[in-house]
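These notes concern the structure reproduced below.
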2 protein chains.
Amino acid sequence: MELEVLEKEVSKITVSRITDEGKSSVEQTIAREMPLTIMLNNQELVTLLCSPSDLNYLAIGFLFSEGLIRNKADIKKTIVDGKRGIVRVDTENNFELDADILFKRIITSGCGRGASFYSTVDLQNRTKVKSQIKITPQDILALSHEFQNRSQIYKETRCVHSAALCDTKSILIFNEDIGRHNAVDKILGECILNDIWTEERVLITSGRITSEILLKIAHRNIPILISRSVPTDLSIKLANDLGITLIGFVRARRINVYTQDWRIEDGDKQ
Amino acid sequence: MELEVLEKEVSKITVSRITDEGKSSVEQTIAREMPLTIMLNNQELVTLLCSPSDLNYLAIGFLFSEGLIRNKADIKKTIVDGKRGIVRVDTENNFELDADILFKRIITSGCGRGASFYSTVDLQNRTKVKSQIKITPQDILALSHEFQNRSQIYKETRCVHSAALCDTKSILIFNEDIGRHNAVDKILGECILNDIWTEERVLITSGRITSEILLKIAHRNIPILISRSVPTDLSIKLANDLGITLIGFVRARRINVYTQDWRIEDGDKQ
């Protein structure tokens, strides 16, 4: 894999601030945003808007979430050109995407990525997440607290989402992006490229839980999903159907469990 | 135009809430999410995930933002099938989308909608927003306050974004959606369908400002964009190049002006 040095994820600008006392110039740290084009076997696949970091993780995570690669063995070569905003991925079987399939696939998955899975047939073909892992409320609160303190770029800019893969006791990998979906894809891409096991683990996201996020998690057989934010009705239905424990609205001393609450075990009462 | 009665935007569920005192069942209002497929001249164009309301505004706003319709006169017929989640739009010239153009267009505009405008040539062809309208800091704070109090669904669910078109004194139209882009597209679609003038007006969004949002606004020549959230560096650059006054990070008694601050005029000091 060839990697170019990427530019950093934030920059500083001077803005006019207006208050009761009048106008002044202040320096503010803002999140950077770049277009990233993914080329799959020399075909232009998609352009994402993202934070300029870990572009290889993002590209691989995206291809995985879209079902275009299944695992690391499918990847022949990845070339990241951070300056021009291009990631080229060649696959082992070097398939040419059938124009018609690609057309349908990407269109239905564009703004509502994963929408192609909504048909009943597709959902019936998906297997439930079977992991028997359990987690205590105390561990959920501790992980959520650690997660919140981890995001330096959010603290500086208030303009990014974060995601993390954890075991029940600590954060294993963490990433951030201006896009809610991208942050999760970066985590999934890192797991694929670095052979990080996901099946008995926990994913935390800063964002609201909509159906696409839920389907990404299901695709890696991750049994537990945690968010400080809230889920939509469709993500709750999917989580339940796919056997995923969905925990949301996490606050300092409170959690909501939306589905599959048998994975929550009694912790030590304090 | 034929409209079917749509289902409502929220539903109630019972969730397990775990606190220091133990586990209880509570009722929570959650946002509904549905897939909506847009068919343009009998061709499947895209599937969006959205809140189940104002699907006609969303479809028309989306088509406009993507450059596929220019105005109301381009629209021959719109049929909304809320139950099946389909909006069919037929245009006057009944063009068949060229597969190659559509392919490229939708792909580059999928997750990073509007990405096709990033090339220098395209940006050079875009005209600056010329409106000479001005607004006082007091009006900005008052509009932002009214906007925040307006969102009933957000208050109930914490799971939607909102957007509004305003003049400098009050909100003219308001909408909400689980998607940040969708909320803006619903506003633009309503403007097109109901002949609402946008050129000397103000758009408020609850979401962070990324480049796609900025390009949507520019496309309707809206001169002033306000958000409580923050912009990315790319959206600031585009706002400046396109002559749009970008106001962010609005708090109870404070605003940041990122670009084109000549549209901010001194108000009455209190």
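Coordinate-derived values only; no laboratory data. Every value quoted in this text rests on a predicted model; they were computed, and no experiment measured them. Glycine gets a Cβ as well: all are built from the backbone with ideal geometry, and neighbour counts include every protein chain shown.
On the basis of the beta-carbon distance and an R0 of 60 Å, A:K155 and B:A73 show a calculated FRET efficiency of 0.75.
Remark: spin-label model distance B:A142-A:E21 equals 2.6 nm, labels positioned 7 Å along the Cα→Cβ axis. When A:R70 is represented by a point 7 angstrom out along its Cα-to-C-beta vector, the spacings to that point in the other copies are 4.9 nm, nearest first. Inter-copy label distances at A:Y154, shortest first and taken from points set 7 Å along Cα to Cβ: 1.8 nm. Inter-part distance, region A:26-90 to region B:214-270, computed on C-alpha centroids, equals 30 Å. Taking the number of Cβ atoms within 10 Å of each Cβ as an exposure proxy, the fewest-first ranking of A:D195, B:D266 is A:D195, B:D266.
Per residue, the Cα convex hull of region A:137-221 amounts to 91 Å³. Placing a label point 7 Å from Cα along the Cα-to-Cβ axis, B:D195 is separated from the same position in the other copies by 6.8 nm, shortest listed first. Based on the alpha-carbon gyration tensor of region A:156-196 and its eigenvalue square roots a ≥ b ≥ c, which shape applies: rounded if a/c is under 1.5, prolate if not and a/b is larger than b/c, or oblate? Judged from the Cα gyration tensor, region A:156-196 comes out oblate (a/c at least 1.5, b/c at or above a/b).
Between amide H atoms placed 1.01 Å from N, distances below 5 Å from A:T136 occur with A:E265, all of them 5 or more places distant or on a separate chain.
Just check region B:208-256 against the gyration tensor rule for me: Cα atoms, a ≥ b ≥ c as the square roots of the eigenvalues, rounded for a/c under 1.5, and otherwise prolate or oblate depending on whether a/b exceeds b/c. Verdict is prolate for region B:208-256. Per-residue Karplus couplings for region B:227-241, computed as 6.51 cos²θ - 1.76 cosθ + 1.60 with θ equal to phi - 60°, are listed in order as 9, 6, 8, 10, x, 7, 4, 5, 5, 5, 4, 5, 4, 5, 4 Hz, Gly and Pro entered as x.
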